[in-house]
1. Just name the residue that is farthest from the chain's Cα centre (by Cα) out of those in region B:20-35 that are under 14 Å from B:Val87 (Cα atoms) and open to solvent by 20 Å² or more (accessible area, probe 1.4 Å).
2. Would you check which residues across region B:51-96 are at pLDDT 95 or above and among the small types (Gly, Ala, Ser) and list them?
3. If I go through region A:32-44 residue by residue, how many of them are under 12 Å from B:Ser104 (Cα atoms) and either at pLDDT 95 or above or facing another protein chain (nearest Cβ under 10 Å) (or both)?
4. Scan region A:64-81 for residues that are of a type outside the set (A, V, I, L, M) and either assigned to a strand (DSSP E or B) or closer than 17 Å to A:Thr112 by Cβ (or both) and jot them down.
5. For region B:1-19: of the residues being open to solvent by less than 70 Å² (accessible area, probe 1.4 Å) and over 16 Å from B:Val110 (Cα atoms), which is nearest to the chain's Cα centre (by Cα)?
6. Condition test on A:Val60, is it more than 7 Å from chain B (Cβ to nearest Cβ), among the β-branched types (Val, Ile, Thr), in contact with a Leu (Cβ under 6 Å, 6 or more places away or on another chain) and in contact (Cβ under 8 Å) with a residue 12 or more places away in the chain?
7. Condition first: surrounded by fewer than 20 Cβ atoms within 10 Å (Cβ to Cβ), away from every other protein chain (no Cβ under 11 Å), farther than 22 Å from B:Glu42 by Cα and not β-branched (Val, Ile, Thr). Can you find one or more residues in region A:81-97 that meet it?
8. Given region B:44-93, what strands (runs of 3 or more DSSP E) lie entirely inside it while holding 2 or more residues that are within 11 Å of chain A (Cβ to nearest Cβ) and buried (at least 21 other Cβ atoms within 10 Å of the Cβ)?
Amino acid sequence: DTEVTQTPKHLVMGMTNKKSLKCEQHMGHRAMYWYKQKAKKPPELMFVYSYEKLSINESVPSRFSPECPNSSLLNLHLHALQPEDSALYLCASSQGADGQRISYEQYFGPGTRLTVT
Amino acid sequence: GNSVTQMEGPVTLSEEAFLTINCTYTATGYPSLFWYVQYPGEGLQLLLKATKADDKGSNKGFEATYRKETTSFHLEKGSVQVSDSAVYFCALRAGSARQLTFGSGTQLTVLP
């Protein structure tokens, strides 16, 4: 099973709302990722968790707050977003750990389509 | 730094036509190479991969060969179907880095 699930599928929120995106995988992967994808563009990496610890933060604004409660779950907490944050948010997971030169592929979820009004 | 260059789209083909989507890369060391496909309204699906020079990745009739001498990983399919209409992304992972470097994506439309 190579499935990564994400909820909700669609989310509309106002600029003053607080919401959370959820991601789950049961493949035993130890690395999980959040990406942001704008229309007709490739995904842009936001965060990487490795063994439940944040290992990469690609200078993402603090209105995005990631959380990894356990090895299977990844959340993205949203607060005070701007309309330009509207995008498809993708979660992915892969095997591996820091420093391993192994070509672990990433498996993506279906994404959450976020609209900020 | 690492980079991936894909042929400009969109690409429009008739059903059963031959498909080539060009992908070249710049990377330090020996990257692993991937093709991902994104169908409308969906996330990315791994289509195929290659981890070392001369490896050929294949899946669902698609193929790509890791050519180190030309730093290329072109995607090919002998006979496309309408259901292959999607955006195709070439990507690399260099060394021990966990990040993927994506190309800009190529929109493919197959007409019946």
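The values are calculated or read from the model by the stated rules, or taken from the named source; none is laboratory data. Keep in mind that what you see is a predicted model, and the values were worked out from it rather than measured. Neighbour counts are summed over all protein chains in view; Cβ atoms, including those assigned to glycine, are modelled from backbone coordinates with ideal geometry. Each accessible area value is taken on the protein alone, full model and side chains, heavy atoms only, with ligands, DNA and RNA left out. Shrake-Rupley method; radii C 1.70, N 1.55, O 1.52, S 1.80 Å.
1. B:Thr20
2. Those that are at pLDDT 95 or above and among the small types (Gly, Ala, Ser): B:Gly57, B:Ser58, B:Gly61, B:Ala64, B:Ser72, B:Gly78, B:Ser79, B:Ser83, B:Ser85, B:Ala86, B:Ala91.
3. First, the residues of region A:32-44 that are under 12 Å from B:Ser104 (Cα atoms): A:37-44.
Right, trim to either at pLDDT 95 or above or facing another protein chain (nearest Cβ under 10 Å) (or both) and you get A:37-38, A:40-44.
Of the residues in region A:32-44, 7 are under 12 Å from B:Ser104 (Cα atoms) and either at pLDDT 95 or above or facing another protein chain (nearest Cβ under 10 Å) (or both).
4. Once the filter is applied, which keeps residues that are of a type outside the set (A, V, I, L, M) and either assigned to a strand (DSSP E or B) or closer than 17 Å to A:Thr112 by Cβ (or both), region A:64-81 yields A:Phe64, A:Ser65, A:Pro66, A:Glu67, A:Cys68, A:Pro69, A:Asn70, A:Asn75, A:His77, A:His79.
5. Looking at the filtered set, the residue picked out is B:Gln6.
6. Judged against the criteria, A:Val60 is not a match.
7. Checked region A:81-97: at least one residue is surrounded by fewer than 20 Cβ atoms within 10 Å (Cβ to Cβ), away from every other protein chain (no Cβ under 11 Å), farther than 22 Å from B:Glu42 by Cα and not β-branched (Val, Ile, Thr).
8. Once the strands (runs of 3 or more DSSP E) in region B:44-93 are filtered for at least 2 residues that are within 11 Å of chain A (Cβ to nearest Cβ) and buried (at least 21 other Cβ atoms within 10 Å of the Cβ), what remains is B:44-50, B:86-93.
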